[in-house]
Each structure stands twice: as structure tokens, then as C-alpha cells.
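Visitor: Mind looking over this structure? Questions follow.
The values are calculated or read from the model by the stated rules, or taken from the named source; none is laboratory data. Owing to the predicted nature of the structure, the values given are computational and were not obtained by experimental measurement. Glycine gets a Cβ as well: all are built from the backbone with ideal geometry, and neighbour counts include every protein chain shown.
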Amino acid sequence: MFLHTCVRVKDLDASIKFYQDALNFKEVRRMDFPEHKFTLVYMALEDDPNYELELTYNYDHEGYDLGNGYGHIAVGVEDLDAMHQAHEEAGYTVTNLSGLPGKEKMFYFITDPDGYKIEVIRLKQFFDK
């Protein structure tokens with residue numbers, strides 16, 4: 001059973017705002033460890049409360065190198081076109097709608113404040129493989 005995905009963030013408030021505003025995540029719990037200089041914030045989607053995104057904030061840490069091993073996390077949505085348009089209008093960094101070779105357009109990527117890529121996928125087409 002998957003429990004959570006952890007991403008390390010430079011600006012906790014900016015990251016929380018992004019995941020709430022852009023992707024409808026809600027903060028479900030927070031653990032502060034000031035004596036060890038870090039905070040963990042767990043976020044989840046209302047329709048998928050058993051899987052969480054963990055935002056790890058290490059106090060006074062500069063930005064993180066993303067490296068070339070990280071790919072992306074993926075979030076499914078019912079209305080891909082409307083979400084894409086809303087993200088563009090909000091000024092987020094997004095790619096054009098795209099599809100796998102020989103398939104119709106079913107996803108795009110949005111970039112969070114730390115440079116992490118999040119794939120936004122049309123649910124119906126993802127599960128219709």
C-alpha cells in the first residue's frame with residue numbers, strides 16, 4: 001500500500017498555497033520539530049484521502065537540486081481542458097496538452113514553486129488504457 005510521496009521544499013507557505021490552489025490538495029496534518037529544524041506537512045485530495053503528499057521543510061535550507069532521477073507525480077482530473085485553462089490563466093508554468101505517441105491528448109505538466117513536475121491526467125482516458 002502506498003502511503004505518501006515526499007518532496008523537499010524551500011518555501012513551505014508557497015508550496016502549500018500552490019498545491020491547494022492549483023491542485024485542490026488540503027492540509028491534513030502537520031508535524032513541527034523545531035529542535036531538529038524541520039516541519040512535515042501532509043496533504044491529500046478529498047476523493048483520495050488514503051494517499052498523501054508530504055512536504056518536508058528543512059529550516060534555513062537553500063533550494064534543492066532536482067537531479068535527473070526524479071520524474072513526476074501524477075494527479076487525475078475529470079475535466080482536463082478546464083483545469084489546463086485555469087492553470088494557464090492563473091499564470092502557472094504549464095506545458096501544452098499532450099498525449100502518448102498515437103494517442104489523443106490526455107495530459108499536461110504543471111511546475112510547482114520548487115521546480116517539481118506534476119502530471120495532470122484526464123482520468124477517463126488513463127483508466128481506459
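Visitor: Can you tell me how many residues in segment 70-105 are modelled with pLDDT of 95 or more, among the hydrophobic types (A, V, I, L, M, F, W, C) and farther than 16 Å from residue 25 by Cβ?
Guide: So the answer is 4.
Visitor: Another question about this same structure. Name every residue in segment 1-23 that is surrounded by 15 or more Cβ atoms within 10 Å (Cβ to Cβ) and either among the β-branched types (Val, Ile, Thr) or outside any strand (DSSP E or B) (or both), in order of residue number.
Guide: 7, 9, 10, 12, 15, 16, 18, 19, 22, 23 - these are the residues of segment 1-23 that are surrounded by 15 or more Cβ atoms within 10 Å (Cβ to Cβ) and either among the β-branched types (Val, Ile, Thr) or outside any strand (DSSP E or B) (or both).
Table: residues versus (1) of a type in the set (S, T, N, Q); (2) surrounded by fewer than 12 Cβ atoms within 10 Å (Cβ to Cβ); (3) assigned by TED's automatic domain parsing to the domain that holds residue 45; (4) free of Cβ contacts under 8 Å to residues at least 24 places away in the same chain.
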position: 78; (1), (2), (3), (4): no, yes, no, no
position: 98; (1), (2), (3), (4): yes, no, no, yes
position: 109; (1), (2), (3), (4): no, no, no, no
position: 114; (1), (2), (3), (4): no, no, no, no
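Visitor: For residue 44, state whether it is of a type outside the set (Phe, Trp, Tyr), closer than 22 Å to residue 87 by Cα and surrounded by 17 or more Cβ atoms within 10 Å (Cβ to Cβ).
Guide: Yes, satisfied.
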